[in-house]
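The values are calculated or read from the model by the stated rules, or taken from the named source; none is laboratory data. This structure is a prediction, so every number in the text was calculated from the model and none was measured. Cβ placement follows ideal geometry from the backbone for every residue including glycine, while neighbour counts extend to all protein chains displayed.
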Amino acid sequence: MNSFIFKTKHLFIIVLAMIAGICFTSYATWSCIFFCISLYLVFNEEHATLLFSLACCFFLFGITRYHQNRALHFSNNSLLNKKCDVIAVIKEILPRLDNEEQICIILQTEQINLFEKSVPIQKTIYLFLPYYTTLWLKPFQKILLKNIVLAHPKSSSYQEYLIREKVWTTTHQKKLWYTTISKPTLFMQQVNELCLLPLSTTQHAFSDLTKTLYVSIFCGKKIKSMTTTAMKKSFQYWGISHHLARSGLHLVILISLLSLLLSFAPCSTSNKQLFIVSLLSIYYLTTYSSVAFMRAFYMYIFYVICRQLYLPSDSTHILLITSLLILSLNPHHLFFLDFQLSFGLTLLIVLFCEKTKIRKTIAS
């Protein structure tokens, strides 16, 4: 009996089966199409039984992860649309670059008090306040919010976005009534300063255009202002509006620049790669992430692991494994255009480069 060798085609079958499982509830027709394609690819292979078992397992895994995500979001709905008191820790106060932009505070709930009943609950909520509100709050501060109403949004598309972001619910308040339970420790304050370091540089004498480009491309924060509107129109006219969104291309440019600078350092390539990974991890944790940026970051991590362990690395394998990882962590990424375009176009580019490489090898 021939030994089983894992090929690119096998990984592609597994990814298709998992996508079919995630789509099964919302898009049954597409789910059947994807699963039939994976089965067609399976039955042409030598180890069809093993591949069929793997495809079925990942199909069920996709269904399970999808329903787990939705069940977590829609649990404790009996606490919504009622006035309650919430004990929560401030995770982040989103910075505002426009004076008329609504204030958004990300809270991690610990307990909800409703009708003299206390319910311990660990979920993330968005608290929106008017732009003119004066805040005396800090990240990692524990507070008791009084008389607030938590509710799911009426828009189904916005609710799907909240599910993807793992945000349970939102609340809009005209005034903020709260009591401080505990202040953030000195260590947590230093962590917050580190996280705000990329955005704090905009306090310097930057022009509006430079500030907008820096925040949108380097920090990954989407802002609305007169400058961004005019700039987007210019970029759309020239067909290069995708350059405004932080993508894998920007991470590749950053890695190339770091590699160029470290090429003069007298140390091994292995240590240089570990140093670059450390810098990129800090950059990843202190800025606003996106699917394209996550894809490029995880792909580079897998590439470095292969180099460190002296394993052969294949771009298609790494891309497919990255897609499995991101969908396993959050299956709702699949239904958004940024995920579909990022992985779809990257797969086409990788396959095109591999075909070109094979033709050059044959020609030589």
Q) Out of (1) more than 25 Å from I22 (Cα to Cα); (2) not assigned by TED's automatic domain parsing to the domain that holds K175, the odd one out for K82 is which? A) (2)
Q: Could you tell me which of the residues F235, F206 is at pLDDT below 70 and either buried (at least 16 other Cβ atoms within 10 Å of the Cβ) or not assigned by TED's automatic domain parsing to the domain that holds P331 (or both)?
A: F206
**Q.** Where T134 falls short, out of the listed (1) β-branched (V, I, T); (2) in contact with a strand residue (DSSP E or B) (Cβ under 7 Å, 6 or more places away or on another chain); (3) surrounded by fewer than 16 Cβ atoms within 10 Å (Cβ to Cβ)
**A.** (2)
Q.
I'd like to check something: does region 111-127 contain any residue that is at pLDDT 90 or above, assigned by TED's automatic domain parsing to the domain that holds W168 and small (G, A, S)?
A. no
Q: Kindly indicate which of S328, S289, S281 is over 26 Å from L257 (Cβ atoms) and either over 12 Å from the mean Cα position of the chain (by Cα) or surrounded by fewer than 16 Cβ atoms within 10 Å (Cβ to Cβ) (or both).
A: S328
Q. Does any residue in region 131-142 that is closer than 18 Å to L186 by Cβ come within less than 6 Å, Cβ to Cβ, of a residue that is modelled with pLDDT of 85 or more and polar (S, T, N, Q) six or more places away or on a different chain, and which pairs are these?
A. K142/S182
Q.
For region 139-157, check the following and say yes or no: at least one residue is within 30 Å of D338 (Cβ to Cβ), among the aliphatic types (A, V, I, L, M) and surrounded by fewer than 18 Cβ atoms within 10 Å (Cβ to Cβ).
A. yes
Q) Hey, any hits in region 28-47 for a residue that's among the β-branched types (V, I, T), within 26 Å of H332 (Cβ to Cβ) and buried (at least 17 other Cβ atoms within 10 Å of the Cβ)? A) no
Q: Working only within region 167-187, note down all residues that are surrounded by 14 or more Cβ atoms within 10 Å (Cβ to Cβ), outside any strand (DSSP E or B) and at pLDDT below 90.
A: Q173, L176, P184
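For region 156-180: of the residues being basic (K, R) and out of contact with any Phe, Trp or Tyr (no Cβ under 9 Å at 6 or more places or on another chain), which is farthest from P130 (Cα to Cα)?
K166
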